[in-house]
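The values are calculated or read from the model by the stated rules, or taken from the named source; none is laboratory data. Please read all numbers here as calculations on a predicted model, not as lab measurements. We work out accessible area using only protein heavy atoms, side chains counted, and drop any ligands, DNA or RNA first. Shrake-Rupley method; radii C 1.70, N 1.55, O 1.52, S 1.80 Å.
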Amino acid sequence: QHEVKTSQMTIFGDYRQLTLFPPTQLAATLEELVTNACRAMAEATVRNLSFRLEYTSDQVLLDVSDTGAGIGVNDSELLFSRQYSTKSQDGGFGLFHARQRIERFGGKIRIFNNADGRGATVRLTFKGIPRE
């Protein structure tokens with residue numbers, strides 16, 4: 001979408017760790033996050049999307065980062081509200097539903113502007129289950 005390039009896909013840690021998040025739910029969530037990132041980069045000169053997957057001793061973290069406009073609100077929690085949308089109409093449900101899906105399985109989602117001032121990152125955090 002919007003001539004976006006995937007610039008980086010990085011995996012850290014012991015990939016044998018599992019989560020309690022079903023693959024179909026993860027696919028639906030990632031589809032929403034990638035769509036939002038592509039829309040955020042529609043007017044950007046540089047359109048890069050990157051993914052970072054990290055396995056720690058007790059968590060699995062997944063970051064989806066873009067080089068778009070970043071989040072333009074002071075309270076990022078507002079972005080997860082059912083009533084809030086950056087779209088002109090028929091919006092405001094994507095991140096709301098993503099949060100519902102993630103929290104249903106004990107995960108967390110948050111969004112923040114990137115440290116370099118270009119774009120934003122959405123971080124999904126899940127409880128990790130070591131595979132024996």
Amide H within-cut-off set for S7, under 5 Å, with H built and near neighbours excluded: L49, S50
Solvent accessible area, Å² - L20, 1.4 Å probe, full protein context: 110 Å²
Beta bridge orientation in the chain: antiparallel %, DSSP, nearest 5: 75 percent
222 nm mean residue ellipticity, helices alone, for the chain (DSSP H n ≥ 4; -39,500 (n - 2.57); rounded to 500): -7000 deg cm²/dmol
Crossing angle, helix 94-104 versus the chain [Cα axis fit, 0-90 degrees, rounded to tens]: 20 degrees
Average projected area [Cα convex hull, the chain], square nanometres: 8.4 nm²
Mean accessible surface per residue for segment 23-69, computed with a 1.4 Å probe while every protein chain stays in place, in Å²: 49 Å²
Amide hydrogen neighbours beyond the local backbone of N114, cut-off 5 Å, H modeled: G119, A120, T121
Highest-MSF residue in the chain out of G68, G119, G106 [GNM, Cα springs under 10 Å]: G106
Acute angle (nearest 10 degrees) that the helix 23-40 long axis makes with the longest principal axis of the chain, alpha-carbon atoms: 30 degrees
Apportionment of accessible area to carbon and sulfur, the chain, percent (1.4 Å): 49 percent
Placed amide H near G128: partners under 5 Å, 5+ positions off or other chain: Q59, V60
